[in-house]
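Each remark here refers to the structure printed beneath this line.
Laboratory data are not the source of any read-out in this text; all were calculated from the coordinates shown. On a predicted model such as this, the values are computed, not experimentally measured, just so you know. FYI the Cβ positions are ideal-geometry reconstructions off the backbone, even for glycines, and counts take in every protein chain you see.
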Amino acid sequence: MTASDVPIELVESRSPQHPLDVVASVPAADAAAVQRALETARAAQREWAAATPLERAAALSGAAGAVEAAAAELVALGVREVGKPVGEMAGEVARGVAILRYYAGGCLDPDGETLPAAGGVLLLARRRPHGVAGCITPWNFPVAIPLWKLAPALAYGNAVLLKPAPAATATAMRLGELVGAHLPAGLLAVLPGGAATGQAVLGAVDALSFTGSAAVGAALAIDAVRRGIPVQAEMGGQNPSVVLEDADHETAASIIAGAAMGYAGQKCTATSRVVVTGDAAGFVDALVAAVERLPVGDPGAAATVVGPVITETARRAVVAGADAVTAAGGRVLTGGRSLARDGFFVAPTVVGGIDPSHRVAQEEIFGPIVAVLPARDLEEAIAFANGVRYGLAAALFTRDLDRALGVLPRLEAGLVRVNAPTSGVDLYAPFGGVKDSSIGPREQGKAAREFFTWTQTATIAPAGGS
Ligand code: NAD
């Protein structure tokens with residue numbers, strides 16, 4: 001067999017709304033392509049490191065302008081490729097522009113600190129780039145997640161090899177063109193492909209930032225540690241919203257319905273359990289009504305909140321979850337079935353009457369399904385909220401500030417929010433979880449510098465001795 005006989009592996013994405021619509025079909029980057037991208041990136045990184053901070057800031061500002069100018073195109077592509085409702089997709093692209101601008105400013109931030117020293121000695125702790133950073137990303141935020149990794153990686157002096165999820169290939173490649181046009185050639189490479197391409201990236205880079213499922217993240221983190229490279233992994237969640245008896249049911253139900261079902265529940269920070277103290281039956285009525293009010297349908301329509309899920313497998317997982325609840329003696333309070341229309345639509349689903357140990361209340365299903373768990377009192381509510389392997393986001397609904405202040409530190413979650421949805425991220429605040437949700441330093445904001453740099457401590461003494 002000659003090299004030209006080797007079959008080229010294609011990576012493909014399809015519209016979850018119109019599954020016959022092939023959005024991307026491109027050759028996957030194989031190990032040789034990853035190696036070539038690595039070598040080019042290494043050379044470009046040296047050029048980038050030699051550029052002035054103002055030049056780097058200007059490049060990232062230029063990239064922000066390019067993404068902003070192409071916003072309508074990127075929004076349409078994201079709606080088509082991953083089925084995100086257009087309103088959310090527009091918000092995501094706007095966030096992407098803001099992320100690029102934020103890290104353009106970050107190029108001018110202090111790159112270390114001085115420490116006290118005696119005798120005219122200068123003691124410095126300086127931040128140095130790793131070299132080439134690998135970013136492996138999921139499909140559900142096809143613009144924001146690649147950008148919230150690559151923008152700080154670049155701002156702090158690295159080159160980037162980005163390996164997007166197959167289901168978001170076209171959006172990532174267009175994003176790479178827009179951003180890459182403002183950077184030295186090869187400083188940013190987008191390498192389409194699946195697990196094999198991801199493995200090649202992991203084997204090549206000087207640091208790895210991953211976002212995706214817990215199983216893949218944990219396995220990649222072990223391999224990265226074996227290779228001796230820094231690793232950061234942001235993974236799944238099974239996020240609780242705790243509704244205390246003094247909360248306003250209507251308001252809480254409406255916020256939680258959006259947090260659980262927005263983008264068909266396909267967010268790592270989506271609410272998937274609601275723990276209720278007090279009148280649980282009254283709250284369930286309010287929640288079911290709020291969920292049933294949500295517009296389900298064409299992600300391209302401005303009013304839509306719940307579009308399709310990403311694949312037929314994802315749709316089946318939601319229906320199977322509802323069936324497992326019924327099999328365990330619980331109840332499907334609304335939804336629990338596929339919707340008969342083109343595309344992977346499934347009805348927003350609320351379940352109840354299950355033990356907190358039920359798999360629907362333990363595992364991340366990553367679809368529009370939420371379980372209601374009544375709790376006897378505050379202590380039991382906190383135990384239920386914390387009783388999962390994940391610890392990404394948690395929300396608390398109460399009008400009692402003292403109780404909120406007491407409960408927040410006891411919630412095992414990286415992001416805690418009072419009277420606000422579990423989903424929702426401020427791009428300038430540290431983002432990440434605890435337990436099986438996260439490995440390594442936080443992403444976003446100034447916290448991102450921790451991962452994308454290493455610290456070199458320098459002592460500079462006067463030449464004449466001190
Ligand atoms: P996934 O784990 O299947 O894939 C994530 C990425 O890893 C993709 O690019 C994929 O191609 C790659 N990959 C898969 N197997 C690999 C392997 N063996 N070696 C190298 N690379 C490999 O996740 P997904 O389905 O794309 O995304 C959904 C998951 O992402 C959910 O669990 C969700 O909670 C999580 N997520 C987490 C966050 C967060 O910030 N915590 C944000 C968004 C999504």
May I ask you to evaluate 6.51 cos²θ - 1.76 cosθ + 1.60, the Karplus curve with θ = phi - 60°, for each residue of the range 328-335 and list the ³J(HN,Hα) values in order in whole Hz, giving x for glycine and proline? 8, x, x, 10, 8, 7, 7, x
Nearest 0.05, what FRET efficiency do Ala31 and Trp454 give at R0 = 30 Å with Cβ-Cβ as r? 0.65
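Pairs of alpha-carbon atoms within less than 8 angstrom and 6+ residues apart define the contacts here; what relative contact order does the chain have, in percent?
18
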I'd like to verify something in the chain: which complete DSSP H helices, judged by Cα projection on the helix axis, reach 15 Å or more and average at least 0.5 on the Kyte-Doolittle scale? 53-69, 71-82, 144-155, 169-180, 214-227, 249-261, 280-293
When we measure straight from the Cα of Lys84, which lysines land under 27 angstrom away, once same-chain ones fewer than 8 places off are left out? Lys149, Lys163, Lys267
Label model pair Asp109, Ile8: point-to-point distance (7 angstrom along the Cα→beta-carbon line) in nm is 4.1
Under the rule of at least 5 residues apart or a separate chain, name every residue whose amide H is placed under 5 Å from the amide H of Arg273. Asn239, Ser241, Ala371
Taking only C-alpha pairs under 8 Å that are 6+ residues apart, what is the relative contact order of the range 310-466 in percent? 14
In nm, give the distance between the simple-model label positions of Ala383 and Ala185, each being 7 Å from the Cα along the Cα-to-Cβ direction. 6.5
Pseudo-spin-label distance Ala72 to Glu177, built 7 Å along Cα→Cβ, given in nm, is 1.7
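For a test of the definition: using alpha carbon positions, the gyration tensor, and the 1.5 limit on a/c, classify the range 9-59 as rounded, prolate or oblate.
oblate
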Over what distance in Å are the Cα centres of the range 131-196 and the range 380-445 separated? 28
